[in-house]
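**Student:** I have a structure I would like to understand better, so I am pasting it below and will then ask my questions one at a time.
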Amino acid sequence: MLDPEVVEHVSQLARLTLSDEEKDKMRVELSKTLEHFRALSELDTSALPPTAQVIPIENNMREDAVGDCLPKDDVLANAPRTRGDYIRVPAVLKAF
Amino acid sequence: MLDRIDGVDARVRAYITLTPDLAMRQAAEADERLKHPDAPRLCGVPLALKDVLSTRNVKTTCGSKILGNFVPPFDATVVGMLRDAGAVTVGKTNMDEFAMGSSTENSGFFPTFNPWDLDRVPGGSSGGSAAAVAADECIAALGSDTGGSVRQPAALCGVVGMRPTYGRVSRYGLVAFASSLDQIGPITKDVKDCAILMQAISGHDALDSTSLRAEVPDYESSLHADVAGLKVGLPREYMAAGVDEGVRGVVLEAIDRLTEAGMEIVDISLPHTEYALATYYVIAPAEASANLARYNGVKYGYFDPDSDGVEELMMNSRGTGFGAEVKRRIMLGTFALSSGYYDAYYLRAQKVRTLIKRDFDRAFESVDLIATPTSPTVAFPVGEKVDDPISMYLSDVMTLPGPIAGIPGISVPCGFSEGLPVGLQFMAPPLGETVLLRAAYAYEQLAGVESATARKAV
Amino acid sequence: MAARANGGYQVVIGLEVHAQLLTESKMFCACSSRYADAPPNTVVCPICLGMPGVLPVINEQAVEMTILTGLALNCRIPSHAKFDRKNYAYPDLMKWYQISQYDLPFCVGGHLDVTVDGINRRLGITRVHLEEDTARMIHGRDETGEDYSLLDVNRSGAPLMEIVSEPDMKTAAEAREYLMSLRNILVYLDVSTANMQEGAFRCDANISVWPRDGEIGNSKVEVKNMNSFRSVYRALEFEEERQIAVWESGEGPPEQETRGWHEASGTTVSQRTKEYAHDYRYFAEPDLPPLVLDKAWVDDIAARMPELPSVLETRLIETVGIRADDARQLINNRELLRYFEKATAGYGDPQRVANWITRDLVKALGDAGASPSESPVGPGDLIELLKLEDSNRVSGKMARDIFRTMFETGRSAADIVAQQGEQITDQDEIRQAVRKAIQENPKAVADFQAGKTQAAGFLVGQVMRATRGRANPARVNELIAAELG
């Protein structure tokens, strides 16, 4: 069973507010799922290369050319709060 | 078509958003184009789009409350391609939130019901698209498949669903779940429609760096090529315990019939199949934890108005905006990538991914295709698995290994068990879409397109 | 400084520099990267806004600029590179992960040679990698008294190159010299404006201080928020002293933390805020295929390497033949160097040109707040003036006055001389003026004859005034002495 501190730490990393009830449930479910994953550790993977992508593509780059931007109104259209031509959020500590 | 939707969608609930005005406008344009003999095959055809595809000026929710009011300013590449082909888009279909699920019960809005039995799920996560096709609420639809989300609901709804080779169809504008696994695929009433839709959406896209440059074959004409002599591998691991007896029987019978068309059935082994589920459920949530990080109530989407300060606003918006399964996977993925656990989970899963891919590489040295059931069960009752994540995850056990290896797959209806549709899955090597379509088409011709509409509930 | 006087401590400094690249478009999308003068949120597309469903595409030019920089910094270019996702949660980061490079950067293991107080130092470069910039934030308070932060997304996704040094620097002066040399290299490579004030060149420093007779530990203080070479120098000097004081009070080693430089007070301030867990959870960016940096490509990039500032500096001193301090001043300002090069192209005394540039031109530009390329007196104009002086048509004093007039009015030297008249060297004409001054100033003459030699100066002044500064000063002195002697 995962420590409650691990669940707390991971929820902080993921920036998810969870209720105490959710945390308890999460702890049980994550523990069960991870138990299921123990199968992976049966395999000797020491000599294996990891696969991050399955496509045989390399060096896919674009030319340094300027294209169209969005109209400003489209940039701001979905923002929950704006002020003037900016997206607004509650104050971020300057010392951050 | 819009009338049909009016008639049945209150019961099926396939659509999140309907776009009748847009559809009427597109239909009028299509009528003009159809006066010319060289109008594209899709011209005027009413299609549905899974709500994971970005549509300009049309709400795109991804089945999540966190994007409940989100209206993108751009079209996904495939949406642009369909529009250029003259297709008429009738609406955006329901789905498990952020494509995480196998029943469409994880939609942030409402569940979708299986047109064959309204007490059962349509599968997922593209359950809205599969149900819409099965209930004649569109001619065909697009879904997205990360671990089986096109093929599994297609099987459960008795329609055709195809997952292309990773990189065959542009992912630009497909809201990301697990970037190294996601692909867009068609859901259609028959294999021929599937080929036509594949033709329209395949090809290189400069906006997707993982998009393949390989030329797109003529899928429709490839349907008629001879299948005699094709070797079809039957992996013993897929017929092991866990597959419903009824499903196993129907699928084995269907595979037997392939010999009538001259195909040869060969027993094969994909020895690392049992590790696919764990591999997938480490890699996909890990990628998802980063892909879903951007939903924080700052630039777009749901935000929690009662929060104190920006940190709390962002955390609360996510805590409230995401549903339980999404939070579960974000937690799982964050854990798998976090310091101290990365090597044991994420890195190890990537290494096992190598083994699973090698299994397929080796298998395709001796066979042209692999045939399996698409899903271990038929459509299950609504609510049956919703509180048991692992048993829900097992619904995709037949469809997960293919995406891990990046290979294409197709599900075709192959009969009924307990009065519900069963899907036969074919898998092929990378860029083997033509052989998939050929085999599926050949099977469809043998079996006859089941005219079982009478058995449907709507 | 206490630290220098006190030989009992050793200082360990490493620098991380972020430089914006001079590409046309952003790192992963086609928005312009020249957004500096654009209104807020007008140089933004779905990709750099981090909208759902968008995908990045690598800007090839940014990659080549990074490799070029690495080569100039004597780095090894590995055969393979890739991009990774660096996960951190901050409102100015649109996707909440930054596409950066973790274990396979473009350039590794280089060095930069600098000279400080006559001592040559080879400073290690750990790596050079490429990433994307964040949005800009502005802070304020609205009418109701609520504090807010505003986002301008224009900067989001601009290409950013990070250059990480080894912890090889031992003094603030070495750190400053490293930064200035690095800045010059980026400018001469045309990869960045490297302008610190404009934020195109940002520096974070890691500094730790250890007793000389003990081991060097792992903890260090990260100093941020320095926006000039001078503030980097001052912040590191301050931090050195502060950390020594911590040791002296028996509380060493100083706590590992992030501190911000506060320019007005000349101090660093702890930036402790609410503690959120930090764990970047790097993993390979699945949306970007890896890169193979084959030899042909790297050779092709290397072939575009211009003359580097260190080589140029040596050439200016040894071949062109100007003083070392002048050479350094010219190198530090590429526009000034271009001015110098143009001026000396048609003129045989480079040191004399250097004198004029580093003395008169720099002062005039400073007063006017102009850059060398904006100078009203072009390189050709300056040479024209120098040639007038060489041919004795104007005196040295006149030349400097004429230069100022040229700078203020934009008129040519020839034009000004034609109006004002040339230098008067004619013996009789000057003698006439001298006699007139003697006649009109009997008191000064009496003073002089009474032994007050400075009265001669007054008479020289009178002569110069009468000739409107044109009389040859040496002749005037001679003749006054002769007439009164």
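The values are calculated or read from the model by the stated rules, or taken from the named source; none is laboratory data. Everything numeric in this text was worked out from a predicted model, so none of it was measured. Here the Cβ is made from the backbone with ideal geometry for all residues, glycine too, and neighbour counts use every protein chain on show. Ligands, DNA and RNA are stripped out before the accessible areas are found, and what is left, the full protein with its side chains, is counted by its heavy atoms. Shrake-Rupley method; radii C 1.70, N 1.55, O 1.52, S 1.80 Å.
**Student:** Of C:ALA414, C:PRO372, C:ILE317, which is farthest along the charge dipole of the stretch C:309-420 in the positive direction, counting Lys and Arg as +1 and Asp and Glu as -1 at C-beta?
**Tutor:** The residue sitting most towards the positive pole is C:ILE317.
**Student:** Not counting the cut sites, what is the longest span of chain C without GluC sites (Glu not before Pro) that DSSP labels loop and that have at most 16 other Cβ atoms within 10 Å?
**Tutor:** Working: sites that count: C:GLU24, C:GLU143, C:GLU146, C:GLU198, C:GLU215, C:GLU251, C:GLU255, C:GLU263, C:GLU275, C:GLU307, C:GLU422.
Of all site-free stretches, the longest is C:25-142.
**Student:** I would also like to ask the following. With θ set to phi - 60°, apply the Karplus curve 6.51 cos²θ - 1.76 cosθ + 1.60 along the stretch B:326-342 and write out the HN-Hα couplings as whole Hz, x wherever there is a Gly or Pro.
**Tutor:** Going residue by residue, I get 5, 5, 4, 6, 4, 5, 4, x, 5, 4, 5, 9, 7, 4, x, 10, 3 Hz, with x marking Gly and Pro.
**Student:** Also: For Cα pairs less than 8 Å apart in space and 6+ apart in sequence, what is the mean separation divided by the residue count of the stretch C:374-427, i.e. the relative contact order in percent?
**Tutor:** Working: 41 pairs, mean separation 21.9, N = 54.
Computed value for the stretch C:374-427: 41 percent relative contact order.
**Student:** While we're looking at this one, here's another question. Using modelled backbone amide H atoms (1.01 Å from N, in-plane), which distant-in-sequence or interchain residues come within less than 5 Å of C:CYS107's amide H?
**Tutor:** C:VAL128
**Student:** Report the far tail of the P(r) of the protein assembly as shown, meaning the percent of Cα-Cα pairs longer than 37 Å. Working shown, then result.
**Tutor:** Values: 317763 of 539241 pairs.
Looking at the protein assembly as shown, the distances longer than 37 Å represent 59 percent of pairs.
**Student:** Quick one: which residues, 5+ away or cross-chain, put their amide H under 5 Å from the amide H of C:ILE424? H built at 1.01 Å from N.
**Tutor:** Close amide H contacts, sequence-distant or interchain: C:ALA471, C:ASN472.
**Student:** Something else: Please list the radius of gyration and Dmax for the stretch C:162-204, considering alpha-carbon atoms only, with Å as the unit.
**Tutor:** That works out to 10.7, 30 Å for Rg and Dmax.
**Student:** Diagonalise the Cα gyration tensor of the stretch C:427-484 and give the resulting equivalent ellipsoid semi-axes, square root of 5 times each eigenvalue, largest first, whole Å. Kindly include the intermediate steps, with their values, before the conclusion.
**Tutor:** Numbers: eigenvalues 61, 22, 20 Å².
Gyration-tensor ellipsoid for the stretch C:427-484: 17, 11, 10 Å.
**Student:** Continuing with the same structure: With the alpha-carbon atoms as the only input, what is the per residue convex hull volume for the stretch B:151-267 in Å³? Walk me through the numbers before you get to the answer.
**Tutor:** Working: hull volume 16.9 nm³, N = 117.
Per-residue hull volume (Cα only) is 144 Å³.
**Student:** Please compute how much accessible surface disappears when A pairs with C, both sides summed, using a 1.4 Å probe, and round it to the nearest 100 Å².
**Tutor:** Numbers: alone 9920 and 24360 Å², together 29980 Å².
Approximately 4300 Å², summed over both chains.
**Student:** So for the stretch B:40-126, what percent of the C-alpha to C-alpha distances run longer than 14 Å? Present the calculation step by step, with values, prior to reporting the outcome.
**Tutor:** Values: 2415 of 3741 pairs.
Everything past 14 Å amounts to 65 percent.
**Student:** Continuing with this model, one more query. Need one value for C:258-270: mean number of C-beta atoms belonging to other chains within 10 Å of its residues' C-beta atoms.
**Tutor:** 1
**Student:** Could you give the Stokes-Einstein D for the stretch B:181-247 in µm² per second, using the C-alpha Kirkwood radius, 37 °C, 0.692 mPa s? Please list the in-between numbers first.
**Tutor:** Numbers: Rh = 15.5 Å.
D = 212 µm²/s.
**Student:** Right, something else. Going down the list B:LYS385/C:LYS86; B:LYS299/B:LYS385; B:LYS351/C:LYS295; B:LYS65/C:LYS26; A:LYS23/B:LYS385, which pairs span over 27 Å between their C-alpha atoms?
**Tutor:** Too far apart for the 27 Å limit: B:LYS385/C:LYS86; B:LYS299/B:LYS385; B:LYS351/C:LYS295; B:LYS65/C:LYS26.
**Student:** How much of the accessible area of chain B, probe 1.4 Å, is carbon plus sulfur, in whole percent?
**Tutor:** Working: 6800 of 13880 Å².
For chain B, the apolar C and S fraction of the accessible surface comes to 49 percent.
**Student:** Which whole-number value in Å³ per residue fits the convex hull of the alpha carbons of the stretch C:213-346?
**Tutor:** Values: hull volume 38.9 nm³, N = 134.
Cα convex hull per residue, to the nearest whole number: 290 Å³.
**Student:** Measure off, as a whole percent, the carbon and sulfur share of the 1.4 Å-probe accessible area of chain C, all protein chains present. Can you show the working numbers first?
**Tutor:** Details: 10120 of 21040 Å².
Answer for chain C is 48 percent, counting heavy atoms of protein chains only.
**Student:** Right, something else. Tell me, what are the semi-axes, in whole angstrom and largest first, of the equivalent ellipsoid of the stretch B:104-193 as set by the roots of 5 times the Cα gyration tensor eigenvalues? Present the calculation step by step, with values, prior to reporting the outcome.
**Tutor:** Details: eigenvalues 86, 47, 19 Å².
Sorted largest first and rounded, they come to 21, 15, 10 Å.
**Student:** Using +1 on the beta carbon of Lys and Arg, -1 on that of Asp and Glu, and nothing else charged, what's the dipole of the stretch C:309-420 about the Cα centre, debye to 20? Kindly include the intermediate steps, with their values, before the conclusion.
**Tutor:** Working: 15 positive and 17 negative charges, 21 e Å.
My answer is approximately 100 debye.
**Student:** Counting pairs of alpha carbon atoms under 8 Å apart in space and at least six apart in sequence, what relative contact order in percent does chain C give?
**Tutor:** Values: 839 pairs, mean separation 66.6, N = 485.
Reported relative contact order: 14 percent.
**Student:** Then there is this: Calculate, axis by axis, the spread of Cα positions in the stretch C:343-485 along the three principal axes, and write the results as whole Å, longest axis first.
**Tutor:** The principal-axis extents, from largest down, are 54, 28, 27 Å.
**Student:** Scaled to the compact-protein estimate 2.2 N^0.38 Å, what is the alpha-carbon radius of gyration of the stretch C:9-298, rounded to two decimal places? It would help to have the intermediate numbers written out before the result.
**Tutor:** Values: Rg = 19.7 Å, N = 290, 2.2 N^0.38 = 19.0 Å.
After normalising by residue count via 2.2 N^0.38 Å, the value is 1.04.
**Student:** Also: Tell me the Kirkwood hydrodynamic radius of the stretch B:274-353 in angstroms, computed as one over the mean inverse distance between distinct C-alpha pairs. Write down the numbers at each step before the final one.
**Tutor:** Values: mean 1/r = 0.0739 Å⁻¹.
Final number for the Kirkwood radius of the stretch B:274-353 is 13.5 Å.
**Student:** In nm, give the distance between the simple-model label positions of B:PHE110 and C:ASP428, each being 7 Å from the Cα along the Cα-to-Cβ direction.
**Tutor:** 11.6
**Student:** Work out, in µm²/s and without decimals, the Stokes-Einstein translational diffusion coefficient of the stretch B:306-354 at 37 °C, 0.692 mPa s, Rh from Kirkwood over C-alpha pairs. Show your work: numbers first, answer last.
**Tutor:** Numbers: Rh = 12.6 Å.
Once the numbers are plugged in, D ends up at 261 µm²/s.
**Student:** Can you pull the one-decimal nm distance between simple spin-label points at B:ARG362 and C:SER391, each 7 Å off the Cα toward Cβ?
**Tutor:** With each label point 7 Å from Cα toward Cβ, the separation is 9.2 nm.
**Student:** Just tell me which lysines come within less than 19 Å, Cα to Cα, of C:LYS170; anything on the same chain fewer than 8 places away is out.
**Tutor:** C:LYS220, C:LYS224
**Student:** Another question, then. Give, as a single signed number, the net charge of other residues whose beta carbon lies under 12 Å from the beta carbon of B:ARG25, with Lys and Arg counted +1 and Asp and Glu -1.
**Tutor:** Values: positive: B:ARG83; negative: B:ASP21, B:GLU29, B:ASP31, B:GLU32.
Here the count lands on -3.
**Student:** So how long is each side of the stretch C:141-225 along the principal axes, counting just the alpha-carbon atoms, biggest first, in Å?
**Tutor:** For the stretch C:141-225, the Cα extents along the three principal axes come out at 58, 39, 21 Å.
**Student:** Averaged over all directions, how much area does the convex hull of the C-alpha atoms of the stretch C:309-420 cover when projected, in nm²?
**Tutor:** Working: hull surface 26.1 nm².
Result: a mean projected hull area of 6.5 nm².
**Student:** Still on this structure, I have one more. Can you pull a Stokes-Einstein diffusion coefficient for chain B at 10 °C (1.306 mPa s), Rh from Kirkwood over Cα pairs, as a whole number of µm²/s? Walk me through the intermediate numbers first.
**Tutor:** Details: Rh = 21.7 Å.
Taking Rh from Cα pairs, D becomes 73 µm²/s.
**Student:** Just tell me which lysines come within less than 19 Å, Cα to Cα, of C:LYS342; anything on the same chain fewer than 8 places away is out.
**Tutor:** Of all the lysines, those that pass the test against C:LYS342 - Cα under 19 Å, at least 8 places apart if same chain - are C:LYS387.
**Student:** I would also like to ask the following. Report, largest value first, the span of the C-alpha coordinates of the stretch C:337-391 along each principal axis, in whole Å.
**Tutor:** Taking the Cα atoms of the stretch C:337-391, the three principal extents are 31, 20, 17 Å.
**Student:** If Rh is defined by the Kirkwood formula over all Cα pairs and Rg also comes from Cα, what ratio Rg/Rh do you get for chain C?
**Tutor:** Details: Rg = 29.8 Å, Rh = 27.0 Å.
Reported Rg/Rh, Kirkwood definition of Rh: 1.11.
**Student:** Summing both sides, how much accessible area is buried between B and A? Use a 1.4 Å probe and give Å² to the nearest 100. Don't jump to the answer; show the numbers that get you there.
**Tutor:** Details: alone 17490 and 9920 Å², together 22410 Å².
Separately minus together, B and A give about 5000 Å² buried.
**Student:** With Kirkwood's inverse mean 1/r over C-alpha pairs for Rh, give me the Rg to Rh ratio of chain A, two decimals please. It would help to have the intermediate numbers written out before the result.
**Tutor:** Working: Rg = 22.6 Å, Rh = 19.7 Å.
That ratio is 1.15, to two decimals.
**Student:** Using the Cα atoms of the stretch C:8-128 to build a convex hull, what is its mean projected area in square nanometres? Intermediate values should be presented prior to the final figure.
**Tutor:** Values: hull surface 44.6 nm².
Taking the Cα atoms of the stretch C:8-128, their convex hull projects to 11.2 nm² on average.
**Student:** With +1 on each Lys and Arg Cβ and -1 on each Asp and Glu Cβ, and nothing else charged, work out how big the dipole of chain B is about its Cα centre, in Debye to the nearest 20. Show your work: numbers first, answer last.
**Tutor:** Values: 41 positive and 57 negative charges, 128 e Å.
Roughly 620 debye for chain B.
**Student:** Compare A:LEU16, A:LEU70, A:LEU34 in a GNM of chain A, Cα atoms joined below 10 Å, and give the one with the largest fluctuation.
**Tutor:** For chain A, modelled as a Gaussian network with Cα springs under 10 Å, the answer is A:LEU70.
**Student:** What's the percent breakdown of Cα-Cα distances in the stretch B:350-428 across 10 Å bins, shortest bin first?
**Tutor:** Using 10 Å bins, I get a P(r) of 16, 41, 31, 11, 0 for the stretch B:350-428.
**Student:** While we're here: Search the structure for amide H atoms under 5 Å from the amide H of B:LYS231, placed 1.01 Å from N in the peptide plane, and list their residues when 5 or more places away or on another chain.
**Tutor:** Correct list: B:GLU264, B:ASP368, B:LEU369.
**Student:** Suppose a student asked you for the relative contact order of chain B, using Cα pairs under 8 Å spaced at least 6 residues apart; what percent would you report?
**Tutor:** Working: 1133 pairs, mean separation 83.8, N = 458.
Once divided by the residue count of chain B, the mean separation gives 18 percent.
**Student:** Residue by residue through the stretch B:61-76, what is 3J(HN,Hα) from phi via Karplus (6.51 cos²θ - 1.76 cosθ + 1.60, θ = phi - 60°)? Round to whole Hz and write x for glycine and proline.
**Tutor:** 9, 6, x, 10, 5, 5, 10, x, 10, 7, 10, x, x, 8, 9, 4
**Student:** Can you work out ³J(HN,Hα) from phi for every residue in the stretch B:258-273, in order, using Karplus 6.51 cos²θ - 1.76 cosθ + 1.60 and θ = phi - 60°, giving whole Hz and x for Gly and Pro?
**Tutor:** 4, 5, 4, 8, x, 7, 10, 9, 10, 6, 9, 10, 10, x, 9, 3
**Student:** Would you mind working out the magnitude of the charge dipole of the stretch B:284-366 relative to its Cα centre, with +1 at each Lys and Arg C-beta and -1 at each Asp and Glu C-beta, to the nearest 20 Debye? Kindly include the intermediate steps, with their values, before the conclusion.
**Tutor:** Numbers: 12 positive and 11 negative charges, 97 e Å.
Magnitude of the dipole: close to 460 debye.
**Student:** Run through the stretch B:99-128 and list the chymotrypsin sites (Phe, Trp or Tyr not before Pro) located in a DSSP loop whose Cβ has at most 11 other Cβ atoms within 10 Å.
**Tutor:** none
**Student:** Looking at the P(r) of the stretch C:113-175, how many percent of alpha-carbon pairs lie beyond 19 Å?
**Tutor:** Details: 1172 of 1953 pairs.
The proportion of pairs with Cα distances above 19 Å equals 60 percent.
**Student:** In nm, to one decimal, how far is the modelled label at A:GLU5 from the one at C:ALA481, with both set 7 Å along Cα→Cβ?
**Tutor:** According to this spin-label approximation, the distance is 9.1 nm.
**Student:** Check cross-link reach from C:LYS436 to the aspartates and glutamates: straight Cα distance under 14 Å, and skip same-chain residues fewer than eight apart.
**Tutor:** C:ASP428, C:GLU483
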